[in-house]
Amino acid sequence: AVTPEECVDEGLCPTPGSALLQTARKIDSDARASHSAAAEGEESEAVKKVDLGTAANYAILTKTGISTAPSSPITGDIGVSPAAGTYMTGFSFTADASAEFSTSSQITGSAYATTDYAPTPSILT
C-alpha cells in the first residue's frame, strides 16, 4: 500500500476503499491472472494470438523491400509483394531451376517475389 509520505502529491494518493485503489487492485489482479494463464499455456482475454495466415510461413515478408549486409544470416523464407525481386538488396541470389524462387548463401530458406514464375505471385498476394 502507498502511504501519504510516499506520494509526490497527497491529492493523488488512493485512500483505502477508494474507487482508484479498487481499480488499481483489479488491474493488478487481471494482469496476474493473465500472466499465470500464459505461463500455463492458456490463452486469456488479455493475451490473444494474432493469426498471421500464410504470412506465418516467412521469416521476413514485406511489401516494400528487404536490405541486408553480408554476414547477416536469415533463417527462414523471405518475400516481397507487391514489390519486385529487385527490391531485395544486398543478397547474391541464384534463381532456382523452376524460377519460382531464389536462394542465397545468407538465407537458410528461399526468397520469393511477385516477379518469380507462377504460382509464386498468387501465393504472395
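Here, each number is a calculation from the coordinates, and none is a lab measurement. These numbers come from a predicted model, not from an experiment. Methodologically, a virtual Cβ is constructed for each residue, glycine included, from the backbone with ideal geometry; neighbour enumeration extends over all protein chains shown.
Here are a few things to note about the model shown:
- Alpha-carbon Rg/Rh ratio, for the range 45-125, with Rh computed the Kirkwood way: 1.02
- Using θ = phi - 60° in the Karplus curve 6.51 cos²θ - 1.76 cosθ + 1.60, the 3J(HN,Hα) couplings for the range 107-112 round to 10, 8, x, 10, 10, 10 Hz; x is entered for Gly and Pro.
- Amide H contacts of Lys63 (H built 1.01 Å from N, in plane; Pro and chain starts excluded): Ser81 sit under 5 Å, all sequence-distant by 5 or more or on other chains.
- Subtracting the Cα-Cα distance of Ala56 and Ser71 from 0.36 nm times their residue separation leaves 3.0 nm of extension gain.
- Protection proxy ranking of 61-70, 109-118, by the mean of other Cβ atoms within 10 Å over each peptide's residues and highest first, is 109-118, 61-70.
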